[in-house]
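Peer 1: Before I ask anything, here is the structure I am working with.
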Amino acid sequence: MLEKEGQIRIPSGCAISGFISRDGKRIGGDKIVKSISYMHDRSNGLGGGFAGYGIYPEYKEQYAFHIFYNSNDARVETERFLDRHFDVVNLSRIPTKKHPNITNEPLIWRYFLTPLPTKLASSQLDEREFVAQCVININDRIDGSYVFSSGKNMGVFKAVGYPEDVGEFYRLDEYAGYAWTAHGRYPTNTPGWWGGAHPFALLDYTIVHNGEISSYDANRRYIEMYGYKCNLLTDTEVITYIFDFLNRKQNLSLEDIAKIIAAPFWTEIESGKYSETEKKKLKYFRNVFSSLLVTGPFSIILGFDGGLMALNDRLKLRSMVAAEKDDMVYLASEECAIRAICPDADRVWSPRGGEPIIVTLNDK
Amino acid sequence: MAINYYQPLYEVMRDKDRCIKCRACERQCANEVHSYDEECDVMISDSRQCVDCQRCVSICPTNALKIANNPNTFRQNSNWSQQIMTEVYKQAETGGVLLSAMGNPKEYPVYWDKILLNASQVTNPPIDPLREPMETKVFLGKKPKNVRFNKDGTINTDLPPTLELSTPIMFSAMSYGSISKNAHESLARAATELGIYYNTGEGGLHKDFYKYGPNTIVQVASGRFGVFRDYLEAGAAVEIKMGQGAKPGIGGHLPGAKILEDISKTRMIPMGTDAISPAPHHDIYSIEDLRQLVFSLKEATCYKKPVIVKIAAVHNVAAIASGIARSGADIIAIDGYRGGTGAAPTRIRDNVGIPIELALASVDQRLRDEGIRNEVSIVVAGSVRSSADVVKAIALGADAVYIGTAALLALGCHLCRSCQTGRCNWGIATQRPDLVKRLNPDIGYKRLVNLIHAWDHEIKEMMGGMGINSVEALRGNRLMLRGVGLTEKELEVLGIQHAGQ
């Protein structure tokens, strides 16, 4: 019996792709499916997934939970938990289409939720922390139940399979959003568990990641001190928690977070290219958050409410290409995935290692 | 005729064909093993006095000398070994406590040797430190719980006092008195050149060495020898010594014979008096007392210097460390039961304390479980023998290591474990001027620098193989470790998996 994510650490190679309309134009999910399909050989059919932003305008004030259940019992228990903590505004199965290459699907449900004011007040937490803790609680404590998407006006769709098949299975052409990311997975050893597919998400943060980080256990053991539980033992999970911790809890900007997880080398810091204030800050980050330095190859696209961010490890040990066309910005492991949906980009370039690309909506 | 109940441990073997009777061995041996018989024109050796320090062997120009174990054996007995029998004879003769020096030499498990490191293959590229930057700089000290912002929204980058190390290795506490002035000078100069720190031990700081203050950790031990305002202000950090791995639970004793003029001035005690460090600090009988001493020292140094609390690794070390982490200390130093000493009761050295590998693993995990790992840095000692031990210590969770024995080896020590006699032929653990001058600090410091450079390079090679290009990504990264031949319980305490898993 193969062990699934969470019981064993499984390295994987991958393909990632993403785009955003800075003007906030809503673009159909079929476009991201087409983009990732051009990198078919970077996946091996053991995981594919998508994140779409701006896809639930009619419920944009509610937290949208997407949940996998192994059984109806797990669903009943989880729904009891949800009822105790949230006002459930809407619930339904997520619409899917039978697909010959997608099998063994769990029960896949969607909930639009508002935290119960009394519960929230008595928890003495801010709303997002309350929701995050509820997600971590369900995933950690309720057997057979897994929340894989929990942000507002956004959603993650993932499964075991090639990403283009996963996109068809979830009928992504029926959704439209201002930003999309996609992931095709090439794990080296997994029985294929749906929860182990990517993107990984907490609140509105989603990560698609290509690489295998050598700092994993140092990062994991640090972040777990702050109430996170790395149940899946995947790089993507721990990177998502690092972003959540630094951005939401420590109030650091995404630019600064890049300087922590892909910190400039000391030789660069001392090279004279930075002002004294900047040098002091970089040294402060490398001291205080030294355990959040991420080493080994990675390229990631972070999705968040109102934008995308792309980042490579500081040696750029993984490929990543960016392109611009009008108000659109594209990011992908390979240029072909961009050309497939934007053949006439104004500019195509390869971001340097450790140099973040941060794109936000013009009105944000 | 007196009866010799026990026999010399060693046999001095001289190749008479090679020996040119230059008498160098005679001049070099402070134990007076070698002598020249003029009448018979022959060199003779008294093996009884030999401690196997290898000085004569190393100095002999014709390679004529060898020291071997005495082949004479008592009747074999797996329970009553020759050593145990000999010790009984000695105590029956003298009525005294057995004394030993340097670390526990017994056959207890060395966990470093049962832990293997990872390397990258295919899914993740190894990194070549000769081609790519590879970083070993570390900071020791408290980290703030939360980022603080200034009124203008910029980040407040003020930090509690911090030690900055070019590589995660420091020289551990060895007092002036237990080792010679030249040994201290070698350590101080090497630390300065390397951008690391050495530690005064509990013997005060010689006036000639105040200039190395920025790379000096000054120790405050139970005897408080040499502790005064200038001393505290001279160092980069202050270390409170609560215990020592070689002799947990007991104090120290530097015999009056070693308290010569310089040492008496440095320790601030009269010449010729015994320097006795009590077992406890007499102002620390509990954890809340420790907190008061930590803050007294911080007050005295205007909160500008980190305070280290050094403890011996004992059974409930994790709970003790947790208490220390909440006491205001910035750094915890933990000394394992194999740590060295200038002199300790043999029974204490060989039977008290626990392995540093297990102590480190449980302390690091406990502090993380309690969410207070960032309150303190962890430095481990006793014994770290090579760069591989350093890498394993860091992956288990240490911020840095202290090395003592390895540093003395670099200065020539051959681990004869006779420091307490004060007749160190290598000029290290002695105060006899004729012996001290054998250790040239100009050469000694260079050998220490070489050693640390070599280790630093090896650390980078091992990190590169793992695909890690900065030591902070190695710290606590236990996934990079696997045990071999360990039990489930040992693996559980170490927090690592078995090889093949």
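Rule-based calculations on the coordinates, nothing more; no lab input. Quick caveat: nothing in here was measured; it's all calculated off a predicted structure. Glycine also receives a Cβ, built like all others from the backbone with ideal geometry; neighbour counts cover every protein chain displayed.
Peer 1: Is the shape of the stretch B:245-392 best called rounded, prolate or oblate, per the rule: a/c under 1.5 gives rounded, else a/b larger than b/c gives prolate, else oblate, with a ≥ b ≥ c the square roots of the Cα gyration tensor eigenvalues? Can you show the working numbers first?
Peer 2: On the way: a/c = 1.95, a/b = 1.30, b/c = 1.49.
Oblate, because a/c is 1.5 or more while a/b does not exceed b/c.
Peer 1: Suppose we flag trypsin sites (Lys or Arg not before Pro) only when DSSP calls them loop and at most 16 other Cβ atoms lie within 10 Å. Which is the longest uninterrupted stretch of chain B?
Peer 2: Result for the longest clean stretch: B:152-303.
Peer 1: On to the next question. From the phi angles alone, apply the Karplus equation (6.51, -1.76, 1.60; θ = phi - 60°) to the stretch B:415-427 and give each ³J(HN,Hα) in whole Hz, x where the residue is Gly or Pro.
Peer 2: Each residue of the stretch B:415-427 in turn: 6, 6, 6, 10, 3, 4, 6, x, 10, 5, 5, 9, x Hz.
Peer 1: Taking the stretch B:1-104, which GluC sites (Glu not before Pro) meet the DSSP loop condition and have no more than 14 other C-beta atoms within 10 Å? If you can, show how the numbers build up before the last one.
Peer 2: On the way: sites: B:11, B:26, B:32, B:38, B:39, B:87, B:93; in loops: B:32, B:38, B:39.
Answer in residue order: B:32, B:38, B:39.
Peer 1: Now, a different point. May I ask you to sort B:415, A:91, A:293, A:252 by Cβ crowding, counting other Cβ atoms within 10 Å and putting the fewest first? Don't skip to the end; give the middle numbers.
Peer 2: Working: B:415 17, A:91 14, A:293 24, A:252 21.
Least crowded to most crowded, the residues run A:91, B:415, A:252, A:293.
Peer 1: While we're here: As a footprinting exposure proxy, order A:220, A:185 by other Cβ within 10 Å, with the fewest listed first.
Peer 2: Ordered by Cβ neighbours within 10 Å, fewest first: A:220, A:185.
Peer 1: 5 Å is the cut-off here: which amide hydrogens, built 1.01 Å from N in the peptide plane, fall below it relative to residue B:155, excluding neighbours closer than 5 in sequence?
Peer 2: Result for residue B:155 returns B:150.
Peer 1: Each label point is 7 Å from the Cα along the Cα-to-Cβ direction; what then is the distance between the points at residue B:113 and residue B:146, in nm?
Peer 2: My value for the distance between the label points is 5.1 nm.
Peer 1: Taking H as built 1.01 Å from N, whose amide H comes closer than 5 Å to the amide H of residue B:34, not counting residues under 5 places away?
Peer 2: Counting only residues 5 or more places away or on other chains, the set is B:46.
Peer 1: Same structure again: Along the charge dipole of chain A, which of A:95, A:118, A:21 sits closest to the positive end, that is, farthest toward it, with unit charges on the beta carbon of Lys, Arg, Asp and Glu (+1, +1, -1, -1)?
Peer 2: Final value for the positive-end residue is A:118.
Peer 1: Compute the distance in nm between two label points, each set 7 Å from the Cα along the Cα-to-Cβ direction, one at residue B:17 and one at residue B:130.
Peer 2: Here the modelled spin labels are 4.4 nm apart.
Peer 1: Moving on. Compute a Gaussian network model of chain A, connecting alpha carbons closer than 10 Å, and tell me which residue from A:139, A:210, A:70 fluctuates the most.
Peer 2: A:70
Peer 1: In sequence order, what are the phi-derived ³J(HN,Hα) couplings for the stretch B:121-134 according to the Karplus relation 6.51 cos²θ - 1.76 cosθ + 1.60 with θ = phi - 60°, rounded to whole Hz, with x for glycine and proline?
Peer 2: So the J values, rounded to whole Hz, are 9, 6, 5, 8, x, x, 10, 8, x, 7, 10, 10, x, 9.
Peer 1: Past 26 Å, Cα to Cα: identify those pairs from A:280/B:142; A:119/A:259; A:279/B:304, in the order given.
Peer 2: A:119/A:259
Peer 1: If you don't mind, there's one more thing I want to ask. Under the rule of at least 5 residues apart or a separate chain, name every residue whose amide H is placed under 5 Å from the amide H of residue A:200.
Peer 2: Close amide H contacts, sequence-distant or interchain: A:207.
Peer 1: Before anything else, pin down the relative contact order of the stretch A:214-364: Cα pairs under 8 Å, at least 6 apart, normalised by residue count, whole percent.
Peer 2: Working: 207 pairs, mean separation 32.7, N = 151.
Contact order relative to length: 22 percent.
Peer 1: Would you calculate, for chain A, the mean residue ellipticity at 222 nm contributed by helices, counting each DSSP H stretch of 4 or more residues as -39,500 (n - 2.57) and dividing by all residues, to the nearest 500?
Peer 2: Mean residue ellipticity at 222 nm (helix-derived): -7500 deg cm²/dmol.
Peer 1: Determine ³J(HN,Hα), in whole Hz, for all residues of the stretch B:184-199 in sequence, where each value follows from phi through the Karplus function 6.51 cos²θ - 1.76 cosθ + 1.60 and θ = phi - 60°; x replaces Gly and Pro.
Peer 2: Per-residue couplings from phi come out as 4, 4, 4, 5, 5, 5, 5, 4, 5, 5, 7, x, 10, 9, 10, 10 Hz.
Peer 1: Mind checking which aspartates and glutamates have their C-alpha under 14 Å from residue B:247, skipping anything on the same chain fewer than 8 residues away?
Peer 2: By straight Cα distance, residue B:247 reaches B:335, B:350.
Peer 1: Another question about this same structure. Which loop-located chymotrypsin sites (Phe, Trp or Tyr not before Pro) does the stretch B:27-135 contain, where loop means any DSSP state but H, G, I, E or B and the Cβ has at most 15 other Cβ atoms within 10 Å?
Peer 2: Counting only loop positions with at most 15 other Cβ atoms within 10 Å, the chymotrypsin sites (Phe, Trp or Tyr not before Pro) in the stretch B:27-135 are B:74, B:80.
Peer 1: What are the radius of gyration and Dmax of chain B, computed over its Cα atoms and given in Å?
Peer 2: Rg, Dmax (Cα atoms, Å): 24.0, 91.
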